[in-house]
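The values are calculated or read from the model by the stated rules, or taken from the named source; none is laboratory data. Everything numeric in this text was worked out from a predicted model, so none of it was measured. Neighbour counts are summed over all protein chains in view; Cβ atoms, including those assigned to glycine, are modelled from backbone coordinates with ideal geometry.
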Amino acid sequence: MKNTGDEKTVQIPGFRFAGVSAGIKPSGENDLALVYSERPAVTAGLFTTNRVKAAPVKLALRRIASRRGQAVIINSGNANACTGRQGLRDAEEINTVTAKELGISPGLVYVSSTGVIGTPLPVEKIRNALPRLIKRLSPLSLNDAASAIMTTDTFAKVCSREVRIGGKTGTIAGIAKGSGMICPRMATMLCYIFTDISVRPGALDRSLREAVNRSFNRLTVDNDMSTNDTVMIMANGLLGNKPITSRSAYYRRFSNALNEVTYSLAKMIARDGEGATKPVEITVRGAAKESDAEKAAMAIAGSMLVKTAIYGKDPNWGRIMAAVGRSGAAISEEKIDIYINKVKVVSRGAGTGRDKSAGSIFKDGEVAITVDLNAGRETARVLTCDLTEEYIRINAHYRT
């Protein structure tokens, strides 16, 4: 088992959580999660940009315009994607029955799904499990909800931060699932974030977009984008602080804490990449523009040749140079420096002869690749992992 995220029990005032087995997964593992806020919360969300969207995403895109929410029900084991009109009716039915059981408006309920594409959603199993799921709602069950949304994940991903706002201490906590089909563009997996801090809708939406752009949008495991990707945040305001706006003195403090939560969750996903043995953090600095730094970093992170070299503990910097060169970033070959785990393997575009030293410090822990373009002051960080035979095994037999 790989290292997990936050081990402590996290509580967010006004939020309750649950996770149970509805029998969707043949394994009998928990596969149905529920999040409930004691009162309606300001809500923001980002969703897959894949033009093939799962039914629950289509429904959520309609709901999110209200910027309000009170509950999210999430199933794993079935994506309810490419299921036609029946799939949309099934998502709406789960939405309606969940709202009825909770005694709230259907417009305050969001539905999410993850798992196998193209299989009808087992609505009756979910309906039958709902009373038991609601009965188990507890402020102490965030980890149960995190476990219930996993598919090929090897550990539940949970992260939290405390923030001082106006003399009071608020909490931001998030759960995520993601291991494969991880590729940037707005959102890259399922992630749900909760806070008791009061935040205005516009400020919450802006801060979420900023956080996603610096974390989940700079994360890749296999360059494949899901049909169900969702990132949502709910702020119920129970802290009682003066609502944060984009111009508030506390906006940056809130946003920085949210950035820490999303980046930590993104690092967990990279660590838990399907079949991965090493998480990789790539930093490109010294770019003339941030977009150039991001292009170069993403090209390195997405290179199958770089990822397999890392798995083989081969400090093959030539593959890194090639990726930078084809990235579309403005670069000068003769200015580039490359470091692998702080060992300088390239200086001004040429090898330093220290490949053996770099290779000797490859471990099963995190690998750090730093590329200095020496062309400006802008920087970008991207997360990925190595590529192994196990990735092929997992995905060759995902349904069989």
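Scanning region 224-245 for residues that are modelled with pLDDT of 95 or more, in a loop (DSSP other than H, G, I, E, B), at negative phi and not hydroxyl-bearing (Ser, Thr, Tyr) gives Asn236, Leu238, Leu239, Asn241, Lys242, Pro243. Of everything listed in (1) in contact (Cβ under 8 Å) with a residue 60 or more places away in the chain; (2) buried (at least 23 other Cβ atoms within 10 Å of the Cβ); (3) over 19 Å from the mean Cα position of the chain (by Cα), the single unmet condition for Ile94 is (1).
Of all residues in region 290-306, those being touching a helix residue (DSSP H, G or I) at 6+ places or on another chain (Cβ under 9 Å) and farther than 16 Å from Arg218 by Cα number 2. Scoring Ile300 on the criteria (1) under 30 Å from Asn78 (Cβ atoms); (2) touching a Ser or Thr at 6+ places or on another chain (Cβ under 9 Å); (3) surrounded by 17 or more Cβ atoms within 10 Å (Cβ to Cβ) leaves a single failure, condition (1). Residue check: Thr169 meets all listed conditions (1) modelled with pLDDT of 85 or more; (2) buried (at least 19 other Cβ atoms within 10 Å of the Cβ); (3) among the β-branched types (Val, Ile, Thr) but one, namely (2). Within region 49-91, the set of residues being surrounded by fewer than 22 Cβ atoms within 10 Å (Cβ to Cβ) and among the polar types (S, T, N, Q) comprises Thr49, Asn50, Ser66, Thr83, Gln86.
Annotation: of all residues in region 310-324 being at pLDDT 90 or above and small (Gly, Ala, Ser), the one that is farthest from the chain's Cα centre (by Cα) is Gly318. Determine if region 279-295 includes at least one residue that is assigned to a helix (DSSP H, G or I), at pLDDT 90 or above, among the β-branched types (Val, Ile, Thr) and on the phi < 0 side of the Ramachandran plot. No - not one qualifying residue is present in region 279-295. Filtering region 38-45 for residues that are aliphatic (A, V, I, L, M), buried (at least 24 other Cβ atoms within 10 Å of the Cβ) and closer than 21 Å to Arg136 by Cβ leaves a non-empty set.
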